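Data block below; observations after.
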């Protein structure tokens, strides 16, 4: 797969690892808009882009290209994603040193994700709907809402802080229930799952699932069912098939 | 293929490719690491991310949600409306960080803090992302 001497000498941006001989979708556009190549050694191959100027790597466009390349490959076959920003000095280092020394590790990694892809489900509250629930359910919230409504932020600062604190607590309490229902519905359809904590107060849950290709449709259908049942109250975003970003390395 | 994905789903938001916020949230810092080689860091969005970072249990978040709760019109009896509008106007400037940046913001908090059951060895080298997670100077209220 080596193109020419110049490419061999170039820094290699590494997206991930695939089984040697795996068919990579043609025409992929990689970091810096450059083409994507494959460097094989032994049973495994690195998906790479030869980069002329590694110093200029790392833009948001590169990050998008990194994920687009990996997700496109993952839609068709197994791939172990490298962490974003992985660059090795030249092709020889990869082929002669890194790939040979990592065969066992890559074998285990690929076994884990064989015939599967990652899906990521993010559920978030429709804010006003759930805030209204909290106002209706919690008299103290309702009282503070009334008490602060007519006053400037400065004049009602402490009441506002308390109101917001109660509301956020209410959201977290609801999220712990609703996220359990979501995880319980989707987990049986996944080989493995990882749940991430909320990063926003109105997040319900973010779930990464390693889903067998055979089960993909059922998983998607169940996610759609959940979205339909919660329509108007919780919004769902489903990403995938993706490379198994949350399911590489040692098994959790 | 990803291009098929967008056709699916009625209630679910099913983008055919990940947005930058998605990618920041889901994949930044995730993946295998090749030992002994330094990673190239994400550049170009640090300023955004420092400004954008948010902590759920913070006064800033509380005030934002207090404001959102006050803005609800569920008990709207007419007399509330001018007051609601007033509150809205007052908070206009403050609100500016919550719209555009929220994607990046949540993305970075998600990526940085909320990872669970991740093999620790993969998290060693995260040079530049440190910028995103350092305790930021919040705008004073």
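Quick note: the coordinates plus some simple rules give every number you see, no bench work behind them. Just so it is clear, the model here is predicted, and its values are computed rather than measured. Cβ coordinates were reconstructed from backbone atoms using ideal geometry, including for glycine residues, and neighbour counts include every protein chain displayed.
What's the exposure ranking of A:102, A:82, going from fewest to most Cβ atoms within 10 Å?
Details: A:102 20, A:82 27.
Starting with the residue having the fewest Cβ neighbours, the order is A:102, A:82.
Can you pull the semi-axes for the stretch A:162-215, root of five times each eigenvalue of the Cα gyration tensor, sorted largest first, whole Å? Present the calculation step by step, with values, prior to reporting the outcome.
On the way: eigenvalues 160, 19, 6 Å².
Equivalent ellipsoid of the stretch A:162-215: 28, 10, 6 Å, largest first.
When A:66, B:16, A:157 are ordered from fewest to most other Cβ atoms inside 10 Å of their Cβ, what list results? Walk me through the intermediate numbers first.
Details: A:66 30, B:16 13, A:157 16.
The order, fewest Cβ neighbours first, is B:16, A:157, A:66.
To test your reading of the geometry: what angle, between 0 and 90 degrees and rounded to tens, separates the Cα axis of helix A:216-229 from the longest principal axis of chain A?
Result, in degrees: 20.
Given 0.36 nm per residue, what is the gain on full extension from residue A:152 to residue A:187 after removing their alpha carbon distance, in nm?
Numbers: separation 35, 0.36 × 35 = 12.60 nm, distance 4.67 nm.
Stretched fully, the residue A:152-residue A:187 segment lengthens by 7.9 nm.
For residue A:197 and residue A:225, compute 0.36 nm times the residue count separating them, minus their Cα-Cα distance, and round to one decimal in nm.
Residue separation times 0.36 nm, minus the Cα-Cα distance, leaves 7.8 nm.
Going by how many other beta carbons lie within 10 Å of each one, how would you line up B:63, A:163, fewest first?
Working: B:63 20, A:163 29.
The fewest-first ordering by Cβ neighbours comes to B:63, A:163.
Between residue A:176 and residue A:137, what is the spin-label point distance in nm, taking each point 7 Å from the Cα along the Cα→C-beta axis?
1.2 nm
Counting pairs of Cα atoms in the stretch A:80-203, how many percent are more than 21 Å apart? Display every interim value, and only then the final one.
Details: 4760 of 7626 pairs.
More than 21 Å apart: 62 percent of the Cα pairs in the stretch A:80-203.
So if R0 is 35 Å, what FRET efficiency would residue A:126 and residue A:9 give, r being the distance between their Cβ atoms, rounded to the nearest 0.05? Working shown, then result.
On the way: r = 54 Å, r/R0 = 1.55.
Here the calculated transfer efficiency is 0.05.
Ignoring everything except DSSP H segments at least 4 long, calculate the 222 nm mean residue ellipticity for chain A; use -39,500 (n - 2.57) per segment, divide by total residues, nearest 500. Working shown, then result.
Details: 7 runs with 99 residues, N = 252.
Calculated from helices alone, the mean residue ellipticity at 222 nm is -12500 deg cm²/dmol.
If I model a spin label at residue A:103 and residue A:20 as a point 7 Å from the Cα along the Cα→Cβ vector, what separation in nanometres do I get?
Each label point lies 7 Å from its Cα, and together they span 0.8 nm.
Counting only other chains, what is the mean number of Cβ atoms within 10 angstrom of the Cβ of each residue in peptide A:226-233? The partial results should precede the final answer.
Numbers: counts 2, 6, 4, 1, 1, 3, 1, 0.
Per residue, the average neighbour count from other chains is 2.
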